[in-house]
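Student: Next up is a structure, given as structure tokens.
The values are calculated or read from the model by the stated rules, or taken from the named source; none is laboratory data. Note that the structure is a prediction, hence the values are computed from the model and not measured. All Cβ positions, even for glycine, are placed from backbone atoms using ideal geometry, and neighbour counts span all protein chains on display.
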Amino acid sequence: MLEDSRPHTDQGHACCGTAASTAKQAFKLVLINPYELGRQPFALAEAAAWLKRAACEVQCLDLALQKLEPAVLAGADAIAIYLGMHTATRIALEALPRICQLAPRAQLAAFGLYAPMNEALLRGLGVGAIFGGESEPDLVDWASTLRAGHGATLQQATIVRHDKIEFLTPDRSDLPQLTRYAHLVLPDGTTRVAGFVDSTRGCKHLCRHCPVVPVYEGKFRVVPQTVVLADIAQQIEAGARHISFGDHDFFNGPTHALNVVRELHRRYPEMTYDATIKIQHLIDHAALLPELKRTGCLFLIAAVESVDDRVLEHLAKHHTRADFYRAVALVRAAGIALAPTWVAFHPWSTLESYLDLLASLVELRLVEAVPPVQLSIRLLVPAGSKLLELPDFNQLIGAFDQKLLGYPWRNPDPRIDTLQRDIQSYVAQAEKAGTPRRETFEHIWRLAHAAAGKPAPSLAGRDLGQPIPHMSEPWYCCAEPTEAQLEGF
């Protein structure tokens, strides 16, 4: 990972030529979000606020809901693409040739977690500046130098910023209406418009498989409470009745988190919210869970990843299978739903361990709490992954694959890889068809047992848990994009 790399002084490669070789009265910059879990992106809105304050003419495109509109891109002097996750980056790579075609004079930048990780690949596709971490000041500097006609100054920079920055109230005015984004689905089938905010960035933990770690290296930054609440207020005005906190771990700073939700509840007592909290934190801060319930928390997401202690140690999750079971009990006792997420397939998977994962969900009555796509997730090993530091891990993987945006691997048991592909294909079809979670799980249950050559025990009459509140967008940051996502722009 390059940190604070010095800009090159040679003229860099834009889409097709130079963008700011002649002075212009107006400098038009387009911000593009390929994908943000179906949510209105905080990172794009925060960047827009900084750039507009610097007197840039900013337009935003969110490819989850919009096309690459020729009228928007044709006049662009610069384009910055937000790459916050694997799915978004895969979509961006497919979209870049079309972007270059529609904006032949524009300089390109990429920012977000996956930008510095994929620097060489992005440069090969015409991206000049690469920014990671707290990117907003560098985006402003980059745009300012281009506007001044000094394109070479930051054109080929790679900067990963770790220092504290000023946070502004995100400018969401140029994004699609909030009502068009993913919404909250309640157990009775009713829905609520959902907003999306960050109260922190980064994460203080060092889970080996996590893409946050290579960029933030165990650091996190607090978004001031005044900014968080102002952002929530503008989304409530736009129709939000539920807030999703996008923090990688809401309890990185538990005091800050509680201050935010207490004030949120005081101002808007009917508002509900969800957040992501590490299993370790759910246990360490169990006394705070009733306060989350009191202030409107409907459900919590936790990156459990595995119920195999050996795998959890490889991933440096710092919790055990027993810890997960305990966290389930603690969260339930507080009256909050728990939505665990998983890395279901990895080089250490066996058919027995996968069946054990499914059996654990049945035992804990969590089938309805897990989006089926989670049961198809395959371990990603991106550039800079801390997994590469594991002894002998390099023997499990191949050479870096630019199309996959990671190091490919095959399970020693080919039945595992076949099962993963079959489940992934089925889940995509089931999501498209709106198949209920229980029905989808039962099909996966049968597939897994068949792969192991075992009869599948009947689940008829079993209590698999009740439906829980969840977001209408089921895909996840580490899931491979669907064909529709890759072709939708």
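Student: Going through the stretch 388-409 one residue at a time, which ones are within 13 Å of Trp348 (Cα to Cα) and either assigned to a strand (DSSP E or B) or touching a helix residue (DSSP H, G or I) at 6+ places or on another chain (Cβ under 6 Å) (or both)?
Tutor: Across the stretch 388-409, the qualifying residues are Phe393, Ile397, Trp409.
Student: From the set of residues in the stretch 35-88 that are in contact (Cβ under 8 Å) with a residue 60 or more places away in the chain and of a type in the set (D, E, K, R), which is surrounded by the fewest Cβ atoms within 10 Å (Cβ to Cβ)?
Tutor: Result: Lys67.
Student: Scan the stretch 258-270 and give yes if some residue there is crowded, with 19+ Cβ neighbours inside 10 Å and at pLDDT below 95, otherwise no.
Tutor: No; the residues of the stretch 258-270 include none that is crowded, with 19+ Cβ neighbours inside 10 Å and at pLDDT below 95.
Student: Let me ask another. When the residues of the stretch 190-235 are filtered to those that are free of Cβ contacts under 8 Å to residues at least 40 places away in the same chain and of a type in the set (S, T, N, Q), which remaining residue is nearest to Met85 (Cα to Cα)?
Tutor: Gln225
Student: Exactly one of these conditions fails for Pro290: (1) more than 17 Å from Asn252 (Cα to Cα); (2) modelled with pLDDT under 95; (3) not β-branched (Val, Ile, Thr). Give me its number.
Tutor: (2)
Student: Can you tell me which of (1) modelled with pLDDT of 95 or more; (2) out of contact with any Ser or Thr (no Cβ under 8 Å at 6 or more places or on another chain); (3) within 20 Å of Met85 (Cβ to Cβ) is the one Thr179 doesn't meet?
Tutor: Exception for Thr179: condition (3).
Student: Another one. I want to confirm something. Restricting to the stretch 252-289 and keeping residues that are in a loop (DSSP other than H, G, I, E, B) and in contact (Cβ under 8 Å) with a residue 40 or more places away in the chain, which single residue is farthest from Val185 (Cα to Cα)?
Tutor: Going residue by residue through the stretch 252-289, those that are in a loop (DSSP other than H, G, I, E, B) are 253, 268-271, 277-278, 285.
Now narrow it down to the ones that are in contact (Cβ under 8 Å) with a residue 40 or more places away in the chain: 253, 278.
Working: Gly253: 28, Lys278: 23 Å.
Among those that are in a loop (DSSP other than H, G, I, E, B) and in contact (Cβ under 8 Å) with a residue 40 or more places away in the chain, it is Gly253.
Student: Restricting the stretch 290-320 to residues that are charged (D, E, K, R) and not in a helix (DSSP H, G or I), which is nearest to Gln466 (Cα to Cα)? It would help to see each step written out before you state the result.
Tutor: The initial filter retains those residues of the stretch 290-320 that are charged (D, E, K, R), namely 291, 293-294, 305, 308-310, 313, 317.
Right, trim to not in a helix (DSSP H, G or I) and you get 305, 308, 317.
Values: Glu305: 22, Asp308: 25, Lys317: 28 Å.
So the residue we want is Glu305.
Student: Tell me which residues, restricted to the stretch 137-168, are of a type in the set (S, T, N, Q) and at pLDDT 80 or above. I'd like the intermediate steps shown before the answer.
Tutor: Taking the stretch 137-168 as the starting set, the residues that turn out to be of a type in the set (S, T, N, Q) are 144-145, 153, 155-156, 158.
Residues satisfying the conditions are Ser144, Thr145, Thr158.
Student: In the stretch 75-188, which helices (runs of 4 or more DSSP H) lie fully inside it and hold 1 or more residues that are under 20 Å from the mean Cα position of the chain (by Cα)?
Tutor: Working: elements: 86-102, 114-117, 119-124, 136-147, 152-155.
Correct list: 86-102, 114-117, 119-124, 136-147.
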